[in-house]
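Structure first, then comments.
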Amino acid sequence: MASPAVISQPRSSKTESYVDNKRKEDVRQANITAARAVADAVRTSLGPKGMDKMISTANGEVIITNDGATILNKMEVLQPAAKMLVELSKSQDAAAGDGTTTVVVIAGALLKQCQVLLSHGIHPTVISDSLYKASTKAVDVLTAMAVPVELTDRDSLVKSASTSLNSKVVSQYSTLLAPMAVDAVLSVVDPAKPEVVDLRDIRIVKKLGGTVDDTETVKGLVFDKKASHAAGGPTRMENAKIAVIQFQISPPKTDIEQSIVVSDYTQMDRILKEERNYILGMIKKIKATGCNVLLIQKSILRDAVTDLSLHYLAKAKILVIKDVERDEIEFITKTLNCLPIANIEHFRAEKLGYADLVEEVSLGDGKIVKITGIQNMGRTTTVLVRGSNQLVLDEAERSLHDALCVVRCLVSKRFLIAGGGAPEIELSRQLGAWAKVLQGMEGYCVKSFAEALEVVPYTLAENAGLNPISIVTELRNRHAQGEINTGINVRKGQITNILEENVVQPLLVSTSAITLAAECVRMILKIDDIVTVR
């Protein structure tokens, strides 16, 4: 039983009895310190010149990444308040997909300012309320400085995607990956619902070998498996009629564990003959519909195909791709515009998909199966990512995902905003001016939050090896003169108009970063005690 923290002595006077607040302050301090430590861990990986983190997991796996969400996800964070920052980057990943490092860095800076305000004796609720007001105001300021963009303006979309890729390990390939991401997203936008993009319609297939330059978009389907070669089955099929089946082409089993004792050879032959006839019967039904390519779902209960059935399928000149994962079935049927077939009795010609060519291609050290020229294909697309080693491959996939998310943000909220620390400095300036209008404690709190937002340009400059203090001062000066799109040009190491340098990001990334960070900090502020339950 944990002893009660505070036992207040009842007093005779009618005034409020004295309660010890020391512990609550300690808990709050501990929470803020822990959360700031997490924020400082990812701070160095912000921006195009940010460092990468090498994460070594318990099972000996090594990951090299620059993506804030991935770094925090893999970190073993024990302190409950610090876990909230991990969740924060996850929610930014879900909402916008990019800016996962930025959101944590901003939250860390806000917490640092909160620590100062708390030490001045300002009540946490007052700080929390002002923070809420400041974040709402910040969103308005950002929206005011945003530039509208049309989906037909492909250049702007490519610029924002390449800005997202510039801070990644694979930044030198941004000229190739950015247009690819834009085309992939635009090809899956449904004209009926133009605001919604489902990224599950874009499938990323990774294949070791080659370099990232060999990455390509495939209009059709790619399977990271080889076609079944048993008994010399075909590996190329033109004018393919494709069936996606979810049943097994193998001799049936009973539902219960059983063993059959066969006493003489005639019975043995009968069993084998029955098996053969059963399989042949199935394959004849399949062949009758004119089907010549089979995609067979993985089966748990018994083998999806046996050697015997593969032999007969090969004789019937049917190309077989086995072990298709269950969660891929939906994507495949959507792409091929066909229906999955769950039972041999339902095998009809109208459930098949049609394609011009299904063939097996050698790639690197393995083989893949490509299906191209699909008739009335669904709105999906496949990207085949190549890389020289597993680390580069994984990082290329994560970076491509971020770029896809950026384009998705632009599709759902069609505004662009400058990058390179410009919006943060502008926010800091406008909130600072607004703080002077506010009365009492609120103005004081808003002013310190305005200062906190300078952490983004400061960190950008610091990571690029520039002098952060002189850069940020110069930035403030230029913004005060009304040049609102001025930001840090990390490549040249000076301050330029960032919109002309094509460093742009979607409005949604910035607004969601600020609102989510503010929300997280408010939650941490309101916690005054940690109770462990055993």
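The values are calculated or read from the model by the stated rules, or taken from the named source; none is laboratory data. As the structure is a prediction and not an experimental result, all values here were calculated from the model. Here Cβ is always computed from backbone atoms with ideal geometry, including for glycine, and neighbour counts include all displayed protein chains. These accessible areas exclude ligands, DNA and RNA; they are computed on the full protein's heavy atoms, side chains included. Shrake-Rupley method; radii C 1.70, N 1.55, O 1.52, S 1.80 Å.
Residue by residue, here is whether (1) open to solvent by 10 Å² or more (accessible area, probe 1.4 Å); (2) not basic (K, R) holds:
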{"site": "G60", "(1), (2)": "yes, yes"}
{"site": "T70", "(1), (2)": "yes, yes"}
{"site": "K90", "(1), (2)": "yes, no"}
{"site": "L111", "(1), (2)": "no, yes"}
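Within the stretch 491-518, track down each residue that is among the charged types (D, E, K, R) and either in contact (Cβ under 8 Å) with a residue 24 or more places away in the chain or closer than 18 Å to S428 by Cα (or both).
From the stretch 491-518, those among the charged types (D, E, K, R) are 491-492, 500-501; that's our starting set.
Selection gives R491, E501.
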Quiz item: Are there any pairs with C-beta distances below 8 angstrom linking a residue in the stretch 79-105 that is within 19 Å of S135 (Cα to Cα) to a residue that is among the charged types (D, E, K, R) and part of a loop (DSSP other than H, G, I, E, B), with the two at least 6 apart or on different chains, and if so which?
Solution: T100/D67; T101/D67
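Applying the selection to the stretch 447-466, what residues are aliphatic (A, V, I, L, M) and buried (at least 21 other Cβ atoms within 10 Å of the Cβ)? Quick ask: steps written out before the conclusion?
Filtering the stretch 447-466 down to residues aliphatic (A, V, I, L, M) leaves 450, 452-453, 455-456, 460-461, 464, 466.
Passing the criteria: A450, A452, L453, V455, V456, L460, A461.
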Quiz prompt | Among (1) open to solvent by less than 80 Å² (accessible area, probe 1.4 Å); (2) closer than 26 Å to L357 by Cβ - the single one D198 does not satisfy | solution = (2)
Quiz item: Among the residues of the stretch 467-490, which ones are open to solvent by less than 40 Å² (accessible area, probe 1.4 Å), in contact (Cβ under 8 Å) with a residue 12 or more places away in the chain and not in a loop (DSSP other than H, G, I, E, B)?
Solution: I471, V472, L475, H479, T486, G487, I488, N489
Self-check item: Top-ranked residue in the stretch 248-264 [being in contact (Cβ under 8 Å) with a residue 40 or more places away in the chain and open to solvent by 20 Å² or more (accessible area, probe 1.4 Å); ranked as nearest to the chain's Cα centre (by Cα)]
Solution: Q248
Self-check item: Sole exception among (1) in contact with a Gly (Cβ under 8 Å, 6 or more places away or on another chain); (2) surrounded by fewer than 20 Cβ atoms within 10 Å (Cβ to Cβ); (3) hydroxyl-bearing (S, T, Y) for S362, by number
Solution: (1)
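Could you please let me know if V385 is part of a helix (DSSP H, G or I) and not assigned by the TED database to the domain that holds D140? It would help to see each step written out before you state the result.
Values: part of a helix (DSSP H, G or I): no; not assigned by the TED database to the domain that holds D140: yes.
Answer is no for this residue.
From the list I344, I329, I368, exactly one residue is buried (at least 20 other Cβ atoms within 10 Å of the Cβ) and at negative phi. Which is it? Step through it out loud before you land on a result.
Values: I344 fails: buried (at least 20 other Cβ atoms within 10 Å of the Cβ); I329 fails: buried (at least 20 other Cβ atoms within 10 Å of the Cβ).
It is I368.
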Exercise. Starting from the stretch 428-441, take each residue that is assigned to a helix (DSSP H, G or I) and list its partners that are loosely packed, with under 12 Cβ neighbours inside 10 Å, counting only C-beta distances under 8 angstrom and pairs at least six apart or across chains.
Key: R429/A480
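Give G378, G373 a once-over and let me know the one that is touching an Asp or Glu at 6+ places or on another chain (Cβ under 6 Å) and either assigned to a helix (DSSP H, G or I) or over 27 Å from D67 (Cβ atoms) (or both). Show your work before the answer.
On the way: G378 fails: touching an Asp or Glu at 6+ places or on another chain (Cβ under 6 Å).
Among G378, G373, only G373 is touching an Asp or Glu at 6+ places or on another chain (Cβ under 6 Å) and either assigned to a helix (DSSP H, G or I) or over 27 Å from D67 (Cβ atoms) (or both).
Which one of G440, G421, G432 is open to solvent by 10 Å² or more (accessible area, probe 1.4 Å) and either touching a Gly at 6+ places or on another chain (Cβ under 6 Å) or at pLDDT below 90 (or both)? First the steps, then the outcome.
On the way: G421 fails: open to solvent by 10 Å² or more (accessible area, probe 1.4 Å); G432 fails: either touching a Gly at 6+ places or on another chain (Cβ under 6 Å) or at pLDDT below 90 (or both).
Only one candidate qualifies: G440.
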Quiz item: In this structure, does L393 turn out to be in contact with a Lys or Arg (Cβ under 9 Å, 6 or more places away or on another chain), more than 29 Å from I64 (Cβ to Cβ), open to solvent by less than 10 Å² (accessible area, probe 1.4 Å) and assigned to a helix (DSSP H, G or I)?
Solution: no
Exercise. Examine the stretch 81-93 for a residue that is at pLDDT 90 or above and within 21 Å of L431 (Cα to Cα), and state whether such a residue exists.
Key: no
Exercise. Tell me which residues, restricted to the stretch 288-328, are over 20 Å from I371 (Cβ atoms), out of contact with any helix residue (DSSP H, G or I) (no Cβ under 7 Å at 6 or more places or on another chain) and among the small types (G, A, S).
Key: A288, S299
